[in-house]
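The values are calculated or read from the model by the stated rules, or taken from the named source; none is laboratory data. Note that the structure is a prediction, hence the values are computed from the model and not measured. A quick note on method: Cβ atoms are made from the backbone with ideal geometry, for glycine too, and the neighbour counts reach across all protein chains shown.
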Amino acid sequence: MRHSMTGFAAQSGEFAGMRWLWEVRGVNGKGLDLRLRLPEWIEGLEPAVRAAIGARVARGNVQVTLKLQSGGDEGACDLDEAVLGRILPALRRIEAQAAAQGLVLRSSSAAEIIALRGVLATGTTVSDVAALREALMANFQSAMDQFAAMREGEGAALATVLAAQLDEISRLTRSAAEAVEARRDDQAKKLALALARVGDAAPGMDPTRVAQELALIAVKSDVTEELDRLEAHVGAARELLAAEGAVGRKLDFLMQEFNREANTLCAKSAFAALTQIGLTLKTVIDQMREQVQNVE
C-alpha cells in the first residue's frame, strides 16, 4: 500500500488532573524531518515520540505539537514567588544598565510580567511524571493511527492517479512507434531530394560516400532505443508502485529518466506528428512528477 507524505491528526486526552491535545501534521520532504513542540519537564517524552514516529514514517516533514494544561479549575492559579523573585531583580538590572548607556526602556506592565514563563503557576501538580508520560504516549499512538490512516488514504488516491498516468505514457509510446513508421516514408522522400541536390551540386561525388552520409543521418534520427527505454521505465514504475516500503525517492529518480527520454525523442523527431507526441509525453511526465513528490 502506497502512502502519501501529507496527513493530519488531532487527539485529546486527560490524566491526573491534566488535559492535552496532540496535533500531528505532515507534508512532503526529501527525508524524515521531525519538528517537535513538547513540554520539557516530562522526562523521556521526546525520545519516545521520535521513536513512535520513526517506526511508522519513513519520509516527510512531520510536526508534532502537544498542548498540555491543568484539567482542574481554571481559576486555581497563583504566582510562583520564587520565579518572580528572580525575574524582578533581573528587570531592575536591565533597566539600570540601559540607563547607564543613555537608553530609556518602557516600563513593563504587570500583565507582561505575568505572561513570562513560570510566573503564573497552576494549582495542579503532577506527582507521577512517568505515569503521565505513559498516558500521553498511549494517546499519541491513537493520533498516529489517525495520521497513518490519512496518509494511507491519500497514498491510495495517488497510486490510482499515477497508474493512470503510466497507462497514458505507455499509450503515447506506442503512438510514437506508429509515428516512426509513418516517418519512414517522409524520411525516404527527404533523403531522395537531398541526394538529388548533392548529385546536381557535385556530379563527381562518390555515390558510396553519399550513401554513407545519408545512412548516418538516418541513424542519428533513430528513436528505437528511446521508445524501448520508455516502455522499460513504465514497467519499472509499475513494479515500484506495487512494492512494499518507501519508494518515493526511486520514483522521483525514475521520473528524471522518463523526462530524459522524452527530451531526446523530441530532439531526434524531425517529424511533426512525432514531435507532437513527444511534447504530450513531456506534459504527462511533468504532471506525474508533481504527484510523485508526495509519495513516501
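So here's what we get for this one:
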| item | result |
| --- | --- |
| Which listed residue, of Leu241, Leu279, Leu251, is closer than 25 Å to Lys220 by Cβ, out of contact with any Phe, Trp or Tyr (no Cβ under 7 Å at 6 or more places or on another chain) and assigned to a helix (DSSP H, G or I) | Leu279 |
| Candidates Ser107, Ser127, filtered to the one that is modelled with pLDDT of 80 or more and over 30 Å from Arg2 (Cα atoms) | Ser107 |
| Among the residues listed as Gly235, Gly248, the single one being among the small types (Gly, Ala, Ser), closer than 30 Å to Leu32 by Cβ and free of Cβ contacts under 8 Å to residues at least 24 places away in the same chain | Gly235 |
| Matching residues in the stretch 1-46 - criterion: being in contact with a helix residue (DSSP H, G or I) (Cβ under 8 Å, 6 or more places away or on another chain), under 22 Å from Asp252 (Cα atoms) and among the β-branched types (Val, Ile, Thr) | Thr6 |
| Hits in the stretch 63-92 (condition: modelled with pLDDT of 90 or more and basic (Lys, Arg)) | Lys67 |
| Cross-chain or 6+ apart pairs with Cβ under 7 Å, the stretch 257-278 first and free of Cβ contacts under 8 Å to residues at least 40 places away in the same chain and in the same structural domain as Ala177 (by TED's automatic domain parsing), then assigned to a helix (DSSP H, G or I) and among the aliphatic types (A, V, I, L, M) | Asn259/Ile285; Glu261/Leu230; Ala262/Leu281; Ala262/Ile285; Cys266/Leu279 |
| In the stretch 15-36, residue farthest from Glu239 (Cα to Cα) [restricted to those that are modelled with pLDDT of 95 or more and exposed (fewer than 15 other Cβ atoms within 10 Å of the Cβ)] | Leu36 |
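Condition check ((1) part of a loop (DSSP other than H, G, I, E, B); (2) not assigned by TED's automatic domain parsing to the domain that holds Ser109) across all residues:
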| position | (1), (2) |
| --- | --- |
| Gly13 | no, yes |
| Leu21 | no, yes |
| Lys30 | yes, yes |
| Ile42 | yes, yes |
| Arg50 | no, yes |
| Val62 | no, yes |
| Ala82 | no, no |
| Leu88 | no, no |
| Leu91 | no, no |
